[in-house]
Amino acid sequence: MTMNVVQLVSNRVWGGGERYVLDLCKALRDHGHSVAVITRGKKEVDSRFVEAGFNPGRLPLRGRFDFISPVVLARVLNRIEAPVVVHAHNFKDADTAVRARRLMSDPSKVRIVVTRHLIKPASTGAYARELYGAIDDIIFVSDAARQGFLSSKPAVDASKLHVVHNALTPGSAPAPMPRKDAEIRVVFAGRINPEKGLDTLFQAISDVPGVNLYIAGSGQARYVGTLLRLAARLGIADRVEWLGQLPDVRPLFESADIGAVPSVVAESFSLAALEMLQAGLPVVASATGGLCEVLEDGSSAILVPQGNAPALAEAISRLAADKALRAEMAAAARKRAELFSYDRFYDAITDIYTANGR
């Protein structure tokens, strides 16, 4: 059965959640389904969808007190042949979808699904209870995200809750980036903000001579300035390479020796960690949230307490000094990555779209 799927994407910047949506849109299109994307019209986000052949529609998507988006979305959905799945990626956009469905001439043709991309307790007020009741299914990218949601004991039908681990679309390994002779290369990829723990990683790198750190991503200018000053103070400015936002991090990962995910808050999953596994990188990471579901401590990764620079330094030093251990963990990393196949992810999501996952 051909599906009509509308993806709502309201974030202003590009990140793992947006990558999740883009990969899913492409997979749905490749399987013959009709896909529409609606965004807030931010260039950083829209450009990625346009490059992939999608033409995003634009709405304010400002949440509960946005009265324009539900009306316009209802008009769009009325014109689409049944059945229609509206997939939101936060509860703010799910609320917009719920209100749009109520305005439709045939509300029964629309199914509303939301993916929870973070770890946070559920809201428990009357407004939230009504919203959870109106949404058809809630997908969590990890069990840690589901447990975080349930920690506040919300009034929600448990049969609506699903854990579907993230995945990445397969692709042939690209040529690695050039590297310096005898270099031990540690890589980080992601948004550059305090939650990602780069200041902890800088402190760790300063305690491991001969290791160079490569950073792919962009983020808060104030925090980047703080990191630049920290690198100078620690004497590692010449060992830190700032690569900015890369269109594809795989060449960087293929050229590296160690991946680092030093988050100081609970990650719901971490696509960067999964991509490091696919590239055969041993990973040093914080033992928190969904990272403990993606990474296997002592096999594909070394997990350390979050925010603990000495423990992070010890893990990096151990890997940097032992080529055989890196090779052993690289093989384990590739094997671990196979557990998170995109076919498994896609089948689970589309089962939920068609209510077969209930």
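For this structure, a couple of remarks:
- D_trans [Stokes-Einstein, Kirkwood Rh over alpha-carbon pairs] for the range 227-291, 20 °C, 1.002 mPa s, µm² s⁻¹: 161
- Among S317, S286, P262 - extreme Cα towards positive end, dipole of the range 241-337, charges at beta-carbon: S317
- Charged-residue dipole, Cβ positions (Lys, Arg, Asp, Glu), the range 223-358 about Cα centre, Debye nearest 20: 300
- Alpha carbon convex hull of the range 1-62, volume per residue in cubic angstrom: 73
- Helical content of the chain, expressed as a calculated mean residue ellipticity at 222 nm, amounts to -12000 deg cm²/dmol (DSSP H runs of 4 or more residues, -39,500 (n - 2.57) each, divided by residue number, nearest 500).
- Proximal lysines relative to K109, as straight alpha-carbon distance under 24 Å, when same-chain residues fewer than 8 apart are discounted: K26, K92, K160
- Paramagnetic reach from T169 (point 7 Å along Cα→Cβ, amide N under 19 Å) across the range 21-44: 21-39, 44
- Once the Cα atoms are used to define both axes, helix 323-337 deviates from the longest principal axis of the chain by about 10 degrees.
- With all projection directions averaged, the alpha carbon convex hull of the range 70-119 covers 3.1 nm².
- Dipole size of the range 285-358 about its Cα centre, with +1 on Lys/Arg Cβ and -1 on Asp/Glu Cβ: approximately 160 debye, rounded to the nearest 20.
- Cross-link partners for K323 among the lysines, with Cα-Cα distance under 30 Å and sequence neighbours closer than 8 places in the same chain left out: K180, K196, K335.
- Each label was represented as a point 7 Å from its Cα along the Cα-to-Cβ direction; for D347 and T226 these points are 4.5 nm apart.
- Accessible-area order (highest first, 1.4 angstrom probe) of the listed residues W242, W14: W242, W14
- Per residue Cα convex hull volume in Å³ - calculated over the range 94-139: 70
- Cα→Cβ-extended label distance, 7 Å offset, between T2 and A321, nm: 6.3
- Counted residue by residue at 0.36 nm each, then reduced by the alpha carbon distance between them, the extension gain from T124 to K109 reaches 2.6 nm.
- Hull shadow area, averaged, the range 126-177 [alpha-carbon convex hull, nm²]: 5.8
- Share of carbon and sulfur in the accessible heavy-atom surface of the chain [1.4 Å probe, %]: 51
- In a simple Cβ point-charge model (Lys, Arg +1; Asp, Glu -1; nothing else charged), the range 30-121 has a dipole of about 400 debye relative to its Cα centre.
- Take the range 8-162 with all the other protein chains still there, run a 1.4 Å probe, and you get 44 Å² of accessible area per residue.
- Per residue, the convex hull spanned by the Cα atoms of the range 170-287 amounts to 104 cubic angstrom.
- Within the range 136-174, backbone nitrogen closer than 18 Å to the virtual label 7 Å beyond the Cα of D297 toward Cβ: 143-145
- DSSP assigns beta bridges within the chain; of those with both partners inside it, close to 0 percent run antiparallel.
- Rg to Rh, two decimals, where the range 238-358 supplies the alpha carbon set and Rh follows Kirkwood: 1.02
- At 1.002 mPa s and 20 °C, Stokes diffusion of the range 34-128 via Kirkwood alpha-carbon radius, µm² per second: 150
- The range 80-187: GluC sites (Glu not before Pro) in DSSP loop, at most 11 other beta carbons within 10 Å: E81
- For the range 216-342, the relative contact order comes to 22 percent (Cα pairs under 8 Å, sequence separation of at least 6).
- The separation of the range 105-173 from the range 244-263, counted between C-alpha centres, amounts to 30 Å.
- Take the range 309-358 with all the other protein chains still there, run a 1.4 Å probe, and you get 53 Å² of accessible area per residue.
- Here the range 287-358 is treated as a Stokes sphere of Kirkwood radius computed over C-alpha pairs; at 20 °C and 1.002 mPa s its diffusion coefficient rounds to 149 µm²/s.
- For the range 161-213: rounded, prolate or oblate by the Cα gyration tensor [a/c cutoff 1.5]: oblate
- Relative contact order, whole percent, for the chain stands at 13, derived from Cα pairs under 8 Å and 6 or more residues apart.
- The share of C-alpha pairs in the chain whose separation exceeds 40 Å stands at 17 percent.
- Inter-part distance where the range 20-77 and the range 292-358 are each reduced to a Cα centre, Å: 30
The values are calculated or read from the model by the stated rules, or taken from the named source; none is laboratory data. Just so you know, these numbers come straight off a predicted model, no measurement behind them. Neighbour counts run over all protein chains shown; Cβ positions are idealised from the backbone, glycine included. Just so you know, the surface numbers come from the protein's heavy atoms only, side chains and all, with ligands and any DNA or RNA stripped out. Shrake-Rupley method; radii C 1.70, N 1.55, O 1.52, S 1.80 Å.
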